[in-house]
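Structure first, commentary second.
Each reported figure results from applying straightforward, stated rules to the coordinates on display, with no laboratory input. Computed from a predicted structure; not experimentally measured. Here the Cβ positions follow ideal geometry from the backbone for every residue, glycine too, while neighbour counts run over all protein chains shown.
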Amino acid sequence: MIAEMTKTRNGAIARYERHWKYPVQEVWAWLTENDKLSNWFSELQVEELREGGAIIFQMPDGTSDKLTITELKMYSVLEFTWWENTMRFELSPESEGCRLVLTEKLKEITDHTPKDLAGWHMCLEVILALLEGRTIESRVEEWKIWYEKYIHAVKEFTLANAD
């Protein structure tokens, strides 16, 4: 399911909601434990899992950026800066597993936004595949499919919310 986009006073929010048959603690581990995190987002590494702590983003050129953890509630909320945007993972238990809500607070919509949204969409797909013990044949090919959908979705959103 594609992310739902809503306009805010300060930009926009992209919201992904998933209902998975896995307990909160298991999903949380994939979001916060470096040995698991590296399987779905190899450029990220949790440096310090606490509010005010950091997640390190390794750039392709060997440099890194520090992303700040702005809110942390163990097994429930992980929020961090994503350059000028904010990423927020929320987990809550359900009778059959858990609900995961990922939101990206977007300061502005740019030409890069569909790439970013397709990327986070794929991250969720990969986490689910890992939880299920399967692999995604070609992440790049899957991403391309979602990227095309997000180009269309962002264009529609932009047109519908033009001032």
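What residue among Ser76, Ser38, Ser138 has the largest mean-square fluctuation in a Gaussian network model of the chain, using Cα springs under 10 Å?
Ser138
Treat region 42-100 as a sphere of radius equal to its Kirkwood radius over Cα pairs and apply Stokes-Einstein at 4 °C in a medium of 1.567 mPa s; give the translational diffusion coefficient in µm²/s, rounded to a whole number.
For the chosen part, D equals 105 µm²/s.
With a 10 Å cut-off between alpha carbons and a GNM built on the chain, which of Arg99, Arg139, Arg88 moves the most?
Arg139
What helices does the chain hold that run 20 Å or longer along their axis, going by alpha-carbon atoms, with a Kyte-Doolittle average of 0.0 or more, using DSSP H for the helix calls?
What comes out of the filter, once short or polar helices are dropped, is 113-131.
Most fluctuating residue of Ala29, Ala54, Ala14 in a GNM of the chain with Cα springs under 10 Å: which is it?
So, out of Ala29, Ala54, Ala14, the one fluctuating most is Ala29.
For Ser64, enumerate residues with amide H under 5 Å from its amide H, sequence gap 5+ or separate chain, H modeled in the peptide plane.
Answer set, sorted by chain and number: Met59.
Nearest 20 debye, what's the magnitude of the dipole of the chain about its Cα centre given +1 on Lys and Arg Cβ and -1 on Asp and Glu Cβ?
The calculated dipole for the chain is roughly 320 debye.
Relative contact order (percent) for the chain, with alpha-carbon contacts under 8 angstrom and 6 or more residues of separation?
22
Check each of the GluC sites (Glu not before Pro) in region 37-108 and keep only those in coil by DSSP with at most 16 other C-beta atoms within 10 angstrom; list them in order. Walk me through the intermediate numbers first.
Numbers: sites: Glu43, Glu47, Glu48, Glu51, Glu71, Glu79, Glu84, Glu90, Glu94, Glu96, Glu104, Glu108; in loops: Glu43, Glu47, Glu48, Glu51, Glu84, Glu96, Glu108.
Passing sites in region 37-108 are Glu43, Glu47, Glu48, Glu51, Glu84, Glu96, Glu108.
List the trypsin sites (Lys or Arg not before Pro) within region 3-87 that fall in a DSSP loop (any state other than H, G, I, E or B) and whose Cβ has at most 14 other Cβ atoms within 10 Å.
Arg9, Lys21, Arg50
Sum -39500 (n - 2.57) across every DSSP H segment of at least 4 residues in the chain, then divide by the residue count to get the 222 nm mean residue ellipticity, nearest 500. Please list the in-between numbers first.
Values: 4 runs with 57 residues, N = 163.
So the calculated ellipticity at 222 nm is -11500 deg cm²/dmol.
Local charge sum around Met59 (other residues, Cβ-Cβ under 9 Å, Lys/Arg +1, Asp/Glu -1)? The partial results should precede the final answer.
Numbers: positive: none; negative: Glu43, Asp61, Asp65.
Local charge sum for Met59: -3.
At 20 °C and a viscosity of 1.002 mPa s, what translational diffusion coefficient does Stokes-Einstein give for the chain, taking Rh as the Kirkwood radius over Cα pairs? Give it in µm²/s as a whole number.
Approximately 130 µm²/s, per Stokes-Einstein.
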